[in-house]
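Where a number appears in this text, it was derived from the coordinates with a stated rule and is not lab data. Since the model is a prediction, treat every value here as computed from it, not as a measurement. Using ideal geometry, Cβ is built from the backbone for each residue, glycine included, and neighbour counts are taken over all protein chains shown.
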Amino acid sequence: MDPVVELDQAVVLVGRFPALAGATLRVEAGERLLLRGPNGAGKTTLLRCCAGLVPVVDGRAAVLGVDLRSNRRAVRPHVGLLGHWTHLYDDLTVADNMRFWGRAAGASDGEIQAALGRVGVGRRLRRVQVQQLSAGQRRRVALAVLVARRPRLWLLDEPHAGLDAEGRDVVDELLVEASAAGATVLFASHELERAGSVATRSVSVVGGAASEIGIEEAGDVR
Amino acid sequence: MALTRPSLLPPRSTAAPTASVATRLLGGMSVVMIAVTVLLALAVTPADVVQGEAVRLMYAHLPTIWVAYGSFLVAAGASALYLWPRTRRRHWDRVAGATAEVGTVFTALCLVTGMLWGRITWGVYWQWDARLTTTLLLFVVYLGYLAVRRLPAEPVVRSRRSAITALIAVVNIVIVRYSVDWWNTLHQKASLTASDPEITGEMLGALLFAFVSFTVLASWLIVHRYRLIRMEELRDEEGLLRAIAERRAEAGLGVAG
Amino acid sequence: MFADAVLVARKDLTLELRSRVATNQILPLAILVLVVFAFALDANTTMLRIAGPGLYWVAVLFAGLLVVQRAFSIESADGIHDALRLSGLEPSAMFLGKLVSVGVQLLVLEAALLVGVILFFDVGISDIALIVSAAMTGTVAFAAAGVIYGVLSLGVRIRETLLPLLAVPVVAPVLLAATRAFEPAVGVTAASGWNWVALLVVVAAVYTALGLVSFGPLLEDG
């Protein structure tokens, strides 16, 4: 089976700075891979690279069979990215945002409603403007958008950040469900204990290069 | 952008000047030809029947705008080549940048000589006729282009956005010229065109010579500007390779294989 | 493609309905511009009637620039630029949607300003068809050029000054043509205004075509 993500000495620039200075990574379908590393190591850029958002200037990079160097736009409909920011329009309500982002990704109304329910956003909350929500609530809505997209590759940048205990449990369940359904999960986190229990494998990202220093089983992460 | 693609020009360090045999030749030629033009303009050709000595400004005013239009056309063509995937090379982006910048300078020269000419013949620095208005708008449009070229963004983003701006600029100039001309015919404003000097004989010869000499001058400037852009890119690439090495050292990893 | 465009237009217009920036902030500013002109020109009724069309379109220019700025400042918020690229929406559909939303907001502002000009400048309208045609075609032309430069300036920190610098020279012939088209309709000249409407149609078509083609490349970050 072809790997879902295949990077070989990939170099990605952010402005003039080489955020990824030769990353090598290989991820198989159904894996839940944890990206660890210090701040500024390039985890966020690695995730955005896999989403096809940034140009790869050197090396090889292929995600879901798409060559990112020549045609990275083609991979975007098949991935879902949950970044630091929540990409929701502040002036619109939760329902407005979901209708826009969900329909844009081709989800039906039913799927949108189901996604909101799954992440625990109650009916009453759906009519509230996003700017009035707390950070944790916004995160949940962004998560709902991701769920409604049904991507084949889930990319999450610190998914537990800003969520309460219940929210974190929801995230963990969603990740496990996703990979059980055949999707692949790539997520960056500083919360090694919780992340370690969800991940099937972990990789360390330092200095813009991902290197597989030790393949660890779930639960073995320090 | 591959980091190791060889340059199309002879390799030069970023400390070397942008001169070469070709540019020295061009530079020498332009100095000589401009000098001859000045001579022709001031001494050899006759004064105009209507305008008197003021007509001599024409030898600077008209060639500058022709050269500017020519430069902008080249810039648009180069921009199109840069945008088209099959012919996309950084070379075209540099050509577009260099020619558009020189073209803008020549447009400014045209405006200044035009204003002087207007002051002497008509007593006013400015008239809202078709030609002057179009030229002024042309100048502002390309100031916008230069602003886009200096965007604080990644080089590829900048190049692409400038290329699109250059193409829209050309379309816009056509539209502006057309609509302002139309406006004028309806209003029948007195314009400089109505009192254009009759250009015959020696005047025509001198004007054509002036045109050629300004073109040579512009070419000389464009070559130098192109090379400057190339050197800026080389410097950035060197800096990038260094930054990559430093980043990898941070991780304790060796040089990328 | 049209479904996507409707989705984007609907999102933008809903946002405007909820935040009311155009009606509560931009419209009063535009009316102020008209009032200030009247003061500065020493409020002589005959002169105002003659200068009316020109002043009107200058006020529309001012309001229009603000509408375009607003249309793109909502897209510059956290992560939305990324999310739009990932969304699966066709870029040309996004252009069309933005064009419609900016156009609709502009038309509403223009209608209100027209009422203002009729009342305050004592202008009488003798040819409604000409006014409406000129306004509609001029608006499409303006909106198309505005959206192109709006997306070009997206993600640029100096957008507030870059956008007007780029847009105004491009929009100048539109203003000229629209003013000339208005003049016969309010009895200022006897010339035909329909030629100018024809020019506006051409300009609108050209810029719409340019926008459909260039919105995608311009939306890309690199």
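Observations on the model:
- Segment C:THR46-C:ASN195, length gained on full extension (0.36 nm per residue, minus Cα span): 51.0 nm
- The range A:7-68: C-alpha gyration tensor shape, a/c 1.5 cut-off, then a/b vs b/c: oblate
- At full extension, B:ALA19 and B:LEU42 could sit 5.1 nm farther apart than now, given 0.36 nm per residue minus the alpha carbon distance.
- Spin-label pair C:ILE128-B:GLU202: with each label point 7 Å from Cα along the Cα-Cβ axis, the two points sit 6.9 nm from one another.
- Cleavage-rule hits (trypsin sites (Lys or Arg not before Pro)) in the range C:155-200: DSSP loop, at most 16 neighbouring Cβ within 10 angstrom: C:ARG157
- Residues B:TYR82, B:TYR142 arranged by fewest to most Cβ contacts within 10 Å: B:TYR82, B:TYR142
- Computed from the Cα positions only, the extents of the range C:2-219 along the three principal axes stand at 56, 32, 28 Å, in decreasing order.
- The residues packed around A:ALA74, meaning those with a beta-carbon under 15 Å from its beta-carbon, carry a net charge of +3 if Lys and Arg are +1 and Asp and Glu are -1.
- Surrounding net charge for C:LEU166, when Lys and Arg each add one and Asp and Glu each subtract one, Cβ distance under 11 Å: +2
- Stokes-Einstein diffusion coefficient of the range A:5-211, Kirkwood radius over Cα pairs, 25 °C, 0.890 mPa s, in µm²/s: 142
- For B:TRP92, A:TRP101, B:TRP126, order by how many other beta-carbon atoms lie within 10 Å, fewest first: B:TRP126, B:TRP92, A:TRP101
- For B:TRP84 and C:THR161, the FRET efficiency from 1/(1 + (r/R0)^6), where r spans their Cβ atoms and R0 equals 22 Å, is about 0.10.
- Exposure proxy order (Cβ contacts within 10 Å, fewest to most) of B:SER79, A:SER179: A:SER179, B:SER79
- Principal-axis tilt of helix A:109-118 within chain A, Cα atoms, nearest 10 degrees: 80
- Within the protein assembly as shown, helix-based [θ] at 222 nm, where runs of 4 or more DSSP H residues each add -39,500 (n - 2.57), nearest 500: -21000 deg cm²/dmol
- Cβ-based net charge around A:VAL205, under 10 Å, with every Lys or Arg adding one and every Asp or Glu removing one: +2
- Rounded to 10°, Cα long-axis angle of helix A:94-104 versus longest principal axis of chain A: 50
- Stokes-Einstein D for the protein assembly as shown, Kirkwood Rh over Cα pairs, 20 °C, 1.002 mPa s (µm²/s): 75
- Residues of the range C:53-72 with amide N under 15 Å of the 7 Å Cα→Cβ point at C:VAL35: none
- Among A:PHE17, A:PHE187, A:PHE100: highest mean-square fluctuation, GNM of chain A, C-alpha pairs under 10 Å: A:PHE17
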